[in-house]
Amino acid sequence: MFSNLPPITKALLIANALVFLLQLAIGDRTLAPFMLWPFGSGDDAYAISQFLPWQVLTYGFMHGSLAHLLFNMLAVVMFGAPLEHVWGDRRFLTYYLVCVVGAAVCQLAVGAWTMSQGGEAYPTVGASGGVFGLLLAYGMLFPQQRIMLLIPPIPMKARTLVIAYGLIELFLGVTGRMPGVAHFAHLGGMLFGWLLIRYWRGQPPFGRGRGGPPRMRRVH
(Lines give C-alpha, C1' and ligand atoms only; values in the text may rest on other atoms or scores of the structure.)
Protein backbone atom coordinates (compact mmCIF):
# COMPACT_ATOMS: atom_id res chain seq x y z
CA MET A 1 0.00 0.00 0.00
CA PHE A 2 2.76 2.46 0.94
CA SER A 3 4.62 1.90 -2.34
CA ASN A 4 1.45 2.70 -4.31
CA LEU A 5 0.90 6.09 -2.68
CA PRO A 6 1.55 9.19 -4.82
CA PRO A 7 4.89 10.93 -4.09
CA ILE A 8 3.80 13.99 -2.09
CA THR A 9 1.43 11.99 0.11
CA LYS A 10 4.24 9.53 0.77
CA ALA A 11 6.69 12.36 1.49
CA LEU A 12 4.29 13.93 4.00
CA LEU A 13 3.97 10.63 5.86
CA ILE A 14 7.74 10.20 6.01
CA ALA A 15 8.40 13.80 7.05
CA ASN A 16 5.85 13.76 9.86
CA ALA A 17 7.09 10.41 11.13
CA LEU A 18 10.73 11.53 11.12
CA VAL A 19 9.93 14.76 12.94
CA PHE A 20 7.98 12.84 15.58
CA LEU A 21 10.95 10.51 16.12
CA LEU A 22 13.15 13.59 16.45
CA GLN A 23 10.77 14.97 19.07
CA LEU A 24 11.11 11.73 21.04
CA ALA A 25 14.88 11.71 20.66
CA ILE A 26 15.80 15.26 21.69
CA GLY A 27 12.69 16.47 23.51
CA ASP A 28 10.01 19.04 22.82
CA ARG A 29 11.79 21.83 24.69
CA THR A 30 14.66 21.75 22.20
CA LEU A 31 12.19 21.94 19.33
CA ALA A 32 9.97 24.58 20.97
CA PRO A 33 11.13 27.33 18.53
CA PHE A 34 9.47 25.30 15.72
CA MET A 35 6.07 25.11 17.41
CA LEU A 36 3.49 27.81 16.68
CA TRP A 37 3.54 30.36 19.50
CA PRO A 38 1.11 33.30 19.72
CA PHE A 39 2.28 36.84 19.13
CA GLY A 40 3.89 38.37 22.20
CA SER A 41 4.09 35.09 24.08
CA GLY A 42 7.75 35.49 25.05
CA ASP A 43 10.79 37.64 24.53
CA ASP A 44 13.62 35.39 25.67
CA ALA A 45 16.87 35.65 23.76
CA TYR A 46 16.81 31.99 22.80
CA ALA A 47 13.38 32.15 21.12
CA ILE A 48 12.02 29.27 23.19
CA SER A 49 8.50 30.62 23.58
CA GLN A 50 7.92 33.39 21.08
CA PHE A 51 6.53 33.61 17.58
CA LEU A 52 9.00 33.22 14.72
CA PRO A 53 8.06 33.37 11.02
CA TRP A 54 8.96 29.80 10.08
CA GLN A 55 6.58 28.42 12.69
CA VAL A 56 3.59 28.88 10.35
CA LEU A 57 4.94 25.84 8.47
CA THR A 58 7.07 23.86 10.92
CA TYR A 59 4.31 23.42 13.52
CA GLY A 60 2.37 21.40 10.95
CA PHE A 61 4.98 18.62 10.99
CA MET A 62 5.06 18.21 14.78
CA HIS A 63 2.65 16.22 16.94
CA GLY A 64 1.80 15.94 20.61
CA SER A 65 1.41 12.16 20.78
CA LEU A 66 1.58 8.99 18.72
CA ALA A 67 -2.22 8.86 18.48
CA HIS A 68 -2.25 12.46 17.24
CA LEU A 69 0.27 11.56 14.54
CA LEU A 70 -1.46 8.34 13.46
CA PHE A 71 -4.89 9.93 13.19
CA ASN A 72 -3.62 12.80 11.07
CA MET A 73 -1.54 10.56 8.79
CA LEU A 74 -4.49 8.21 8.26
CA ALA A 75 -6.49 11.22 7.11
CA VAL A 76 -3.65 12.31 4.79
CA VAL A 77 -3.77 8.89 3.14
CA MET A 78 -7.58 8.72 2.95
CA PHE A 79 -8.17 12.20 1.58
CA GLY A 80 -4.79 13.37 0.31
CA ALA A 81 -3.90 10.48 -1.99
CA PRO A 82 -7.10 10.76 -4.13
CA LEU A 83 -6.65 14.52 -4.38
CA GLU A 84 -3.02 14.17 -5.47
CA HIS A 85 -4.06 11.67 -8.16
CA VAL A 86 -6.53 14.24 -9.52
CA TRP A 87 -4.51 17.44 -9.07
CA GLY A 88 -0.96 16.23 -9.57
CA ASP A 89 1.87 16.55 -7.09
CA ARG A 90 2.66 20.28 -7.47
CA ARG A 91 -0.88 21.54 -7.08
CA PHE A 92 -1.57 19.12 -4.25
CA LEU A 93 1.50 20.27 -2.31
CA THR A 94 0.58 23.91 -2.86
CA TYR A 95 -2.91 23.29 -1.57
CA TYR A 96 -1.74 21.39 1.51
CA LEU A 97 0.83 24.00 2.52
CA VAL A 98 -1.64 26.86 1.99
CA CYS A 99 -4.05 25.09 4.34
CA VAL A 100 -1.30 24.61 6.95
CA VAL A 101 -0.34 28.30 6.77
CA GLY A 102 -3.98 29.40 6.73
CA ALA A 103 -4.67 27.36 9.85
CA ALA A 104 -1.66 29.04 11.51
CA VAL A 105 -2.95 32.51 10.59
CA CYS A 106 -6.33 31.80 12.20
CA GLN A 107 -4.72 30.26 15.27
CA LEU A 108 -2.43 33.28 15.66
CA ALA A 109 -5.46 35.58 15.54
CA VAL A 110 -7.27 33.53 18.19
CA GLY A 111 -4.10 33.33 20.29
CA ALA A 112 -3.64 37.10 20.17
CA TRP A 113 -7.23 37.63 21.32
CA THR A 114 -6.83 35.05 24.10
CA MET A 115 -3.69 36.73 25.39
CA SER A 116 -5.35 40.15 25.26
CA GLN A 117 -7.97 38.73 27.65
CA GLY A 118 -5.27 37.56 30.05
CA GLY A 119 -5.09 33.99 28.78
CA GLU A 120 -2.03 31.80 29.00
CA ALA A 121 0.33 31.38 26.05
CA TYR A 122 0.68 27.85 24.72
CA PRO A 123 2.09 26.42 21.49
CA THR A 124 0.17 24.70 18.70
CA VAL A 125 1.42 21.61 16.87
CA GLY A 126 -0.05 19.15 14.40
CA ALA A 127 -1.01 18.63 10.78
CA SER A 128 -4.72 18.96 11.53
CA GLY A 129 -5.06 22.31 9.75
CA GLY A 130 -3.77 20.74 6.54
CA VAL A 131 -5.86 17.63 7.15
CA PHE A 132 -9.09 19.61 7.52
CA GLY A 133 -8.23 21.41 4.30
CA LEU A 134 -7.85 18.04 2.58
CA LEU A 135 -11.19 16.94 4.01
CA LEU A 136 -12.88 20.02 2.60
CA ALA A 137 -11.34 19.53 -0.86
CA TYR A 138 -12.33 15.86 -0.87
CA GLY A 139 -15.90 16.80 -0.04
CA MET A 140 -15.94 19.40 -2.84
CA LEU A 141 -14.43 17.13 -5.50
CA PHE A 142 -16.12 13.88 -4.46
CA PRO A 143 -19.30 15.02 -2.67
CA GLN A 144 -21.23 11.76 -3.19
CA GLN A 145 -18.37 9.44 -2.21
CA ARG A 146 -19.31 7.40 0.87
CA ILE A 147 -16.85 7.32 3.75
CA MET A 148 -16.91 4.86 6.64
CA LEU A 149 -16.25 6.69 9.88
CA LEU A 150 -14.16 5.10 12.61
CA ILE A 151 -16.12 6.63 15.49
CA PRO A 152 -19.04 6.03 15.12
CA PRO A 153 -18.64 3.31 12.44
CA ILE A 154 -21.30 4.54 10.04
CA PRO A 155 -21.12 5.39 6.32
CA MET A 156 -21.59 9.03 5.35
CA LYS A 157 -21.36 11.04 2.14
CA ALA A 158 -18.21 13.14 1.91
CA ARG A 159 -20.19 16.37 1.57
CA THR A 160 -22.20 15.57 4.69
CA LEU A 161 -19.03 14.71 6.58
CA VAL A 162 -17.43 18.05 5.70
CA ILE A 163 -20.48 20.03 6.82
CA ALA A 164 -20.80 18.02 10.04
CA TYR A 165 -17.13 18.41 10.94
CA GLY A 166 -17.20 22.11 10.18
CA LEU A 167 -20.23 22.72 12.39
CA ILE A 168 -18.81 20.61 15.21
CA GLU A 169 -15.49 22.45 15.13
CA LEU A 170 -17.27 25.81 15.12
CA PHE A 171 -19.44 24.80 18.07
CA LEU A 172 -16.50 23.45 20.08
CA GLY A 173 -14.39 26.51 19.28
CA VAL A 174 -17.06 29.03 20.28
CA THR A 175 -18.18 27.21 23.43
CA GLY A 176 -14.75 26.01 24.57
CA ARG A 177 -16.18 22.56 25.29
CA MET A 178 -12.92 20.82 24.28
CA PRO A 179 -9.99 22.95 25.47
CA GLY A 180 -6.48 22.08 24.33
CA VAL A 181 -7.59 21.52 20.73
CA ALA A 182 -7.03 24.23 18.11
CA HIS A 183 -10.55 24.23 16.68
CA PHE A 184 -10.15 27.55 14.90
CA ALA A 185 -6.95 26.30 13.27
CA HIS A 186 -9.00 23.42 11.85
CA LEU A 187 -11.56 25.87 10.56
CA GLY A 188 -8.77 28.04 9.19
CA GLY A 189 -7.42 25.14 7.17
CA MET A 190 -10.87 24.58 5.70
CA LEU A 191 -11.39 28.29 5.02
CA PHE A 192 -8.10 28.81 3.20
CA GLY A 193 -8.58 25.57 1.26
CA TRP A 194 -12.02 26.74 0.15
CA LEU A 195 -10.64 30.12 -0.90
CA LEU A 196 -7.81 28.53 -2.88
CA ILE A 197 -10.16 26.22 -4.75
CA ARG A 198 -12.39 29.17 -5.60
CA TYR A 199 -9.32 31.05 -6.80
CA TRP A 200 -8.36 28.16 -9.07
CA ARG A 201 -11.92 28.04 -10.40
CA GLY A 202 -12.06 31.78 -11.00
CA GLN A 203 -15.05 32.14 -8.68
CA PRO A 204 -15.93 35.13 -6.47
CA PRO A 205 -14.25 36.89 -4.76
CA PHE A 206 -11.43 36.15 -7.22
CA GLY A 207 -13.24 36.24 -10.56
CA ARG A 208 -16.54 36.49 -12.35
CA GLY A 209 -17.63 32.96 -11.61
CA ARG A 210 -16.56 31.02 -14.66
CA GLY A 211 -17.70 27.92 -12.82
CA GLY A 212 -16.51 24.41 -13.30
CA PRO A 213 -13.77 22.52 -11.46
CA PRO A 214 -10.18 23.73 -11.16
CA ARG A 215 -7.77 22.72 -13.87
CA MET A 216 -6.88 19.14 -13.12
CA ARG A 217 -4.32 16.65 -14.33
CA ARG A 218 -4.86 12.97 -13.77
CA VAL A 219 -1.84 10.96 -12.79
CA HIS A 220 -1.84 7.29 -13.68
Do we have Ala109 as part of a helix (DSSP H, G or I), within 21 Å of Met73 (Cα to Cα) and of a type outside the set (Val, Ile, Thr) here? no
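Yes or no, residue by residue, for (1) modelled with pLDDT under 85; (2) surrounded by fewer than 18 Cβ atoms within 10 Å (Cβ to Cβ):
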position: Leu149; (1), (2): yes, yes
position: Leu172; (1), (2): no, yes
position: Pro179; (1), (2): yes, yes
position: Met190; (1), (2): no, no
position: Gly193; (1), (2): no, no
position: Val219; (1), (2): yes, yes
Segment 1-37: number of residues that are in a helix (DSSP H, G or I), closer than 20 Å to Tyr96 by Cβ and not aliphatic (A, V, I, L, M): 8
Single residue of Val86, Val76 found to be in a helix (DSSP H, G or I), more than 17 Å from Asn16 (Cα to Cα), at pLDDT 95 or above and of a type outside the set (Asp, Glu): Val86
Residue identified as surrounded by 13 or more Cβ atoms within 10 Å (Cβ to Cβ), free of Cβ contacts under 8 Å to residues at least 24 places away in the same chain and on the phi < 0 side of the Ramachandran plot among Ala11, Ala75, Ala67, Ala17: Ala11
For Thr94, the lone unmet condition from (1) over 19 Å from Phe20 (Cβ atoms); (2) modelled with pLDDT under 95; (3) of a type in the set (S, T, N, Q) is (2)
Filter segment 82-137 for residues that are under 13 Å from Tyr59 (Cβ atoms) and among the hydroxyl-bearing types (Ser, Thr, Tyr); the one that is surrounded by the fewest Cβ atoms within 10 Å (Cβ to Cβ) is Tyr122
Can you tell me which condition Phe20 does not meet? The list is (1) within 25 Å of Leu141 (Cβ to Cβ); (2) more than 16 Å from the chain's Cα centre (by Cα); (3) modelled with pLDDT of 95 or more, and all the others hold. (1)
Do you know which of the residues in segment 48-64 that are among the small types (Gly, Ala, Ser) and crowded, with 17+ Cβ neighbours inside 10 Å is modelled with the highest pLDDT? Gly60
Taking only segment 91-146 into account, find how many residues are out of contact with any Lys or Arg (no Cβ under 7 Å at 6 or more places or on another chain) and among the basic types (Lys, Arg). 1
Regarding Ile197, is this residue among the β-branched types (Val, Ile, Thr) and surrounded by fewer than 18 Cβ atoms within 10 Å (Cβ to Cβ)? no
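The values are calculated or read from the model by the stated rules, or taken from the named source; none is laboratory data. Computed from a predicted structure; not experimentally measured. Virtual Cβ from ideal backbone geometry, glycine too; neighbours counted across all protein chains shown.
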